[in-house]
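What follows is a set of notes on a single structure, which appears directly below.
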Amino acid sequence: MANYHVSKDKDTGVWRVTKEGAERASDFKRTQSAADKRAKQLAASSGGGEVRIHSLRGPIRDSDTVPPANDPNPPKDRRH
């Protein structure tokens, strides 16, 4: 199980997908939606986890649980 973060690289302007705790990005995508999709694929292939999307300023603005991981608050997460 692995968690992934999606954030925008300020220098290049592309969205990066980074595994939690890693120093280098796992992948780069032109759009946020493509980066989110790729992060969910990587999380699913590692047994599930959380995908956290960061705002342009840095803080986490959204989080999504990827199966087979357990969502700690299933009734509250109605967006996904």
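Each value in this text was obtained by applying a stated rule to the coordinates, not by laboratory testing. Remember, predicted model here, so these are calculated numbers, not experimental data. Heads up, the Cβs are rebuilt from the backbone with ideal geometry, glycines too, and the neighbour counts pull from every protein chain shown.
Every residue in the range 21-70 that is loosely packed, with under 12 Cβ neighbours inside 10 Å, of a type outside the set (Ser, Thr, Tyr) and more than 12 Å from His5 (Cβ to Cβ), please. Result: Glu23, Arg24, Arg30, Leu56, Arg57, Pro68, Asn70.
Here is a yes/no grid of residues against (1) among the aromatic types (Phe, Trp, Tyr); (2) farther than 16 Å from Ile60 by Cβ:
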{"residue": "Tyr4", "(1), (2)": "yes, no"}
{"residue": "Lys8", "(1), (2)": "no, no"}
{"residue": "Trp15", "(1), (2)": "yes, no"}
{"residue": "Glu20", "(1), (2)": "no, no"}
{"residue": "Lys29", "(1), (2)": "no, yes"}
{"residue": "Gln41", "(1), (2)": "no, yes"}
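Close contacts from the range 24-42, counting a first residue that is closer than 17 Å to Pro67 by Cβ and a second that is surrounded by fewer than 17 Cβ atoms within 10 Å (Cβ to Cβ) and hydroxyl-bearing (Ser, Thr, Tyr), with Cβ to Cβ under 7 Å and a gap of 6+ residues or different chains, come to Leu42/Ser26.
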